[in-house]
1. Roughly how many whole Å is it from the C-alpha centroid of the range B:43-119 to that of the range A:396-423?
2. In Å and from the alpha-carbon atoms only, list the Rg and Dmax of chain B.
3. Where nothing but the Cβ of Lys and Arg (+1) and of Asp and Glu (-1) is charged, how large is the charge dipole of the range A:39-132 around its Cα centre, in debye to the nearest 20?
4. Per the Kirkwood treatment, what hydrodynamic radius in Å, one decimal, follows for the range B:148-260 from the mean inverse distance over all distinct Cα pairs?
5. Taking the Cα atoms of chain A, what is the range of coordinates along each of the three principal axes, in descending order and whole Å?
6. Please work out the FRET efficiency for the pair A:VAL135 and A:ASN436, using the Cβ-Cβ distance as r and a Förster radius of 51 Å; give the result to the nearest 0.05.
7. In whole Å, what three semi-axes, largest first, describe the equivalent ellipsoid of the range B:97-216 built from its Cα gyration tensor (square root of 5 times each eigenvalue)?
8. State to the nearest 20 debye the size of the charge dipole of the range B:148-260 about its Cα centre, where the only charges are +1 on K and R beta carbons and -1 on D and E beta carbons.
Amino acid sequence: MNYIPNILFATALFFGIGFFAKNIKKLVRNIRLGKTVDTSDNKAERWKNMINIALGQSKIVRRPVSGVLHVIVYAGFVIINIEVMEIVIDGLFGTHRIFAEVLPHSIYGFLIGSFEILSLLVLVSVTVFWIRRNVIKIARFWKSEMTSWPKNDGNYILYFEMVLMSLFLIMNATDLHFQAMDSGNLISQFIAPLFSGLSDGTLHVIERAAWWIHIVGILVFLNYLYYSKHLHILLAFPNTFYASVKPKGEMNNLEAVTKEVMMMMDPNADPFAMPEEAEDEEVPEKFGASDVRDLNWVQLMGAYTCTECGRCTSSCPANLTGKTLSPRKIMMDTRDRLEEVGKNIDSNKGAFVDDGKQLLDDYISREELWACTTCNACVEECPVSISPLSIILEMRRYLVMEQSAAPAELNNMMGNIENNGAPWPYNQMDRLNWVNEN
Amino acid sequence: MNDILKVPTMAEFMAEGKQPEILFWVGSAGSFDDRAKKITKSFVKILNAIDVKFAVLGTEESCTGDAAKRSGNEFLFQMQAVTNIEILNAYEVKRIVTACPHSYNTLKNEYPSLGGKYEVYHHTEYLKGLIEEGRLKVQQEAFKGKRITFHDPCYLGRANEVYEAPRDLIASLGVDLIEMKRHKRTALCCGAGGAQMFKEPEQGNMDINILRTEDALKTDPNIIATGCPYCNTMMTDGVKFKEKEDSIQVLDIAELIAASNKW
């Protein structure tokens, strides 16, 4: 017996999965660089969101064309992976189409037939996706943040899928034994004639080659995820689970601020009192976010989850009117900076060494932050429940509370609120004058 | 109908040892902005006409802090919130209605964890409730044949998912609502939220309120209805920019209801 293919296969599988696991560990470590956030509320609602939005694709279909195509690719991805189980067993044990032997022919045929139909549908869908990106040039794929790597990344993923689906069909078409079964070869029977002039030996070689390239391709694709926007296929699930379940308009009240405000408002508090021992130990809290580690881990996970579809940006009033703000770029910048911080930690034996950079200014400009109307259109649109708005707010908090760097007009407005209890310079005592005015 | 508004304050109710049915939170725009004051008065006219026992805080009311919070000034927001909550709780306020979605959102969602827990209604929700209770009846002659479109305020719509109350009120006028292409959860912001009202916009190729006004103009409306004083300002400016102010009015739902009943 010749065990070399089995050993080769096991090795490929080991390294493919091992390398992926290593990157996932890094991913989790990076996400954990974020602050803790309480996500223990409303468990039932959270499960419901995950099931509806991630598993059930409920938000993606709001835009019907790309939505339906996406559902096809998603269903194809999930269902065709059953076939990967067979491939893995065959590869490890040197069997050939093991499921055909253990399952009744009709069931095996039904399964493979479904996979074949799905793979053809996926092939068509990703081709339409490619056309939308590169021929029709839909605006959201051609915004300023979508050049170089992000643009190529989007296309590479489509090429990957095209090649993997084609290989699956070719593998079936050139499998004489499978074609002879004549059950489940719904699509591949029409591809088989293309190879009709070839000898059985040549066909076998093509079949084997397609089989090998297909499974190795899947392993390569698996490892491509970490470097790509395509991580959403995994992270969409936790992201929709951990996303806020509060009304979109509700912005969190900072507890550290509440403590100070309560003390200031307490008429019995002694302003000259020495801080108590225990409080003395506390590290002074930094308000808001100037870098990724000031954000919470759900926000950081959102950055890795973002698949750069740009639905947020295409509905952002600031972006639609030509401002530099793009909610998608906020997420992409957060991820890029987080990756940079992660690499910094890796190359400095587990400790971050100040690199003189931060998310604010080096990635996200103040102009972008101040252009936001907090309208929640981006949050509403995101098919995987990311909130770019929450990051914008944290960064504004840093600018205002740590840097006193609000635009002058906003400082005027805030001064008015502070002095007169209204954003305009009117006296609070005049607040009821409207009753007697004409 | 006489123009003398009855606007009792909480202090007056308190002095008589009574509680109003509801507190009307006027808000800073509703108190000081000339256009918004008309909305405030229209809403009060409705309440007066059907004898709703309401009160205002009057000079004891202070900005909710919405714009400060969204600018990033959490300190100022919480100072405002805690001050307001102290007064509201001292008067044992249970129910609040406001014609400003920003006040509405803040009072409803951001005050509870600071100790201010109230039933909060946007005036469109409250008016709809009054109709359902049979207390408010809307005459249907005034706007017959008019084309009305509705601009969803972000802090009423997406932020709090109140989409139907304002639409039901427009339907009560006996007119057909003509929806803009972007409406309800896909509605475009007027450009005023997140404290943008108080600053010049960043460099771009147009102002947001102009883009939103263009959305509205595509429905060929006689009236652009909305439910927010800031949206009202932005849309009014947009209509002026398009030189359509002679043919298109920008009105709050409360103004529509009050005008329909000739109050």
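1. Computed from Cα coordinates, the inter-centre distance equals 20 Å.
2. Over chain B's Cα set, Rg and Dmax evaluate to 18.0, 57 Å.
3. Using Cβ point charges on Lys, Arg, Asp and Glu, the range A:39-132 gives about 640 debye.
4. Working: mean 1/r = 0.0711 Å⁻¹.
One over the average 1/r among Cα pairs gives 14.1 Å for the range B:148-260.
5. 95, 59, 41
6. Once the sixth-power term is evaluated, E becomes 0.20.
7. Details: eigenvalues 135, 111, 20 Å².
The answer is 26, 24, 10 Å, longest axis first.
8. Dipole about the Cα centre, nearest 20: 280 debye.
Every number here is computed from the coordinates shown, using simple stated rules; none is lab data. Since we're looking at a predicted model, the values are computed, not measured. Neighbour counts run over all protein chains shown; Cβ positions are idealised from the backbone, glycine included.
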